[in-house]
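The values are calculated or read from the model by the stated rules, or taken from the named source; none is laboratory data. Keep in mind that this is a model prediction, so the values were computed, not measured. Here Cβ is always computed from backbone atoms with ideal geometry, including for glycine, and neighbour counts include all displayed protein chains.
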Amino acid sequence: MKKLVSVLAAVSLIVSQSIVSFGADLGDIKGVEGEKAIIFLSEKGIVTGSEDELYHPEKNLTRAEACAIIIRAVNPKDLNFYGSETVTESLFDDLSGYTWSSSYINYAVLHGITKGTGWKSFSPGRNVTSAELITFVLRAAGHTDDDFQEPWPENYLQQAVKLGILTGEDISDLPVYASKGFAAEVVYRAFSFIENIELARVENPFNTVEAEDPGVSSLIFTGNEIEISLSNLMDIAMTSGTAIKKAENNLRANKGKTKGYYESQGNLDNLMNQIKDAKTALSTAVGAEKIALEAFLWSADSPSKTQMKMVEEATNFAESQTDKNYEAEVNLIRRAVIQDYFQLAGQKEGVRISKDNMEIQKQLYDVAKKKYALGVASKLDVLKAETGFAQAKSDYEKAETGYIVACMNFNISYGFPLMQSVILTDSLEEAKKSDVTLSEAIKRALENRNEIAFAEFYKTSATLNFTQV
């Protein structure tokens, strides 16, 4: 009786889901890219709407949803056999909340369309990348990794172009993660290759773990590679960079200030000479001329010696510091270019080291699983190896993500297209130890640094102001 109730409940659930999902008038696909594909697949029950009767073509597709769409398109006759109740409970331990997709996932894994992401793990809720989706679809069409010589994902992407599933334009604009709309378009184009195809079961679906898009950077960065040396980058920074333009504007502004100080000093000198001449002329003047000279002397605001000295100091300081300020800004630009160049080179090297470590940990993980299968290793050994591999994989992904972001920031800083592929040609070398002693370096700093010159000028100005008071 309990079994009958559970069966009826399952049927009821399937019927209720089909009322919402299949054959629904999806209200958010009109005019969107892939509308024809979505309608075609929806009418066949391959793609479904949500409870709100919308498709949400812009949403990212999960790995579980990708399996469901592809296997529905394959439409195997014995799909029900691969439900969680018939395939040794479940192939994976992380399908909580995704039991609806277990038959699709089980079928996909057992027929070589996809693989797990770890020991007894499938990561059903993780967004599927565009490269993974294309790979799953072509495997569903009968292709295997052994069919290609090129590295992943280029091997599957190039084959997809040959079959007309993707275009060259699709490749150049390929999003990192596959949206539901993109997935519908891909499956629609591949439909004739995968519908009703009979796939053989793989002998050992757990002998490898699905790569989690280790080539993200190769999918993102486009265009012909540009080789850049440190010298090339320095030339760019010193001729067309925003920092050098700012430095040049500051130089022009400081020269203008210096000119203004000179004009102020000249005006004060002229005023002092006019007052001196007026006093001399007053001794012999009579009548209207005398009245005019007296009025001028009464209204003239004769600057004090302190004011004259302050203008003179400001003029001399501005003149001496204008070129030094520009040189200091140029030196900062040079330092920033060197830092940017070798920090990016260092991050790239970090990605390589992280990847090497991940591959080593993967090998150790595979060895542990083989030993476990032979009965010469415990499950704890396998779990430890899996943990080591998972950590190494996480470290690699973080390193690569950091490198990708650094590449984009680098491109923005030096005027390249955001997604331009740039190759650094200079290698990081250990700098030679300086022969300058610490005391000599301090002495040079006190003599040459702008901060010292500014401090001396402010001290002189403060002293003059105090004297005037």
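Descriptive notes on the structure:
- The single condition from (1) at pLDDT below 90; (2) among the hydroxyl-bearing types (Ser, Thr, Tyr); (3) within 29 Å of Leu166 (Cα to Cα); (4) crowded, with 21+ Cβ neighbours inside 10 Å that Ser50 fails is (4).
- Region 114-132, residues that are over 23 Å from Ala373 (Cα atoms) and crowded, with 22+ Cβ neighbours inside 10 Å: Pro124, Val128, Thr129, Ser130, Ala131, Glu132
- Number of residues in region 219-263 that are surrounded by 15 or more Cβ atoms within 10 Å (Cβ to Cβ), assigned to a helix (DSSP H, G or I), modelled with pLDDT under 85 and under 25 Å from the mean Cα position of the chain (by Cα): the value is 2.
- Only listed residue being surrounded by fewer than 12 Cβ atoms within 10 Å (Cβ to Cβ) and either without any contact (Cβ under 8 Å) to a residue 60 or more places away in the chain or assigned by TED's automatic domain parsing to the domain that holds Glu329 (or both), chosen from Ser413, Ser434: Ser434
- Considering residues of region 414-426 that are closer than 14 Å to Asn232 by Cα and of a type in the set (Ser, Thr, Tyr) only, the residue nearest to the chain's Cα centre (by Cα): Tyr414
- Residues being aromatic (Phe, Trp, Tyr), surrounded by 12 or more Cβ atoms within 10 Å (Cβ to Cβ) and touching a residue at least 24 places away in the same chain (Cβ under 8 Å) are entirely absent from region 366-373.
- Residue pairs meeting the criteria (Cβ under 7 Å; at least 6 apart or on separate chains; first in the same structural domain as Gln321 (by TED's automatic domain parsing), in region 237-259; second assigned to a helix (DSSP H, G or I) and among the acidic types (Asp, Glu)): Ala247/Glu329; Asn250/Glu329; Thr258/Glu319
- Region 124-153 - residue that is among the aliphatic types (A, V, I, L, M) and in a helix (DSSP H, G or I) and, of those, farthest from the chain's Cα centre (by Cα): Ala140
- Residue within region 285-303 that is surrounded by 13 or more Cβ atoms within 10 Å (Cβ to Cβ), modelled with pLDDT of 70 or more and in contact with a helix residue (DSSP H, G or I) (Cβ under 8 Å, 6 or more places away or on another chain) present: yes
- Of all residues in region 53-91 being part of a helix (DSSP H, G or I) and surrounded by fewer than 21 Cβ atoms within 10 Å (Cβ to Cβ), the one that is modelled with the lowest pLDDT: Phe81
- Contact map, region 375-404: residues that are in the same structural domain as Ser354 (by TED's automatic domain parsing) and without any contact (Cβ under 8 Å) to a residue 24 or more places away in the chain paired with residues that are acidic (Asp, Glu) and buried (at least 20 other Cβ atoms within 10 Å of the Cβ), Cβ distance under 7 Å, separation 6+ or inter-chain. No pairs are found.
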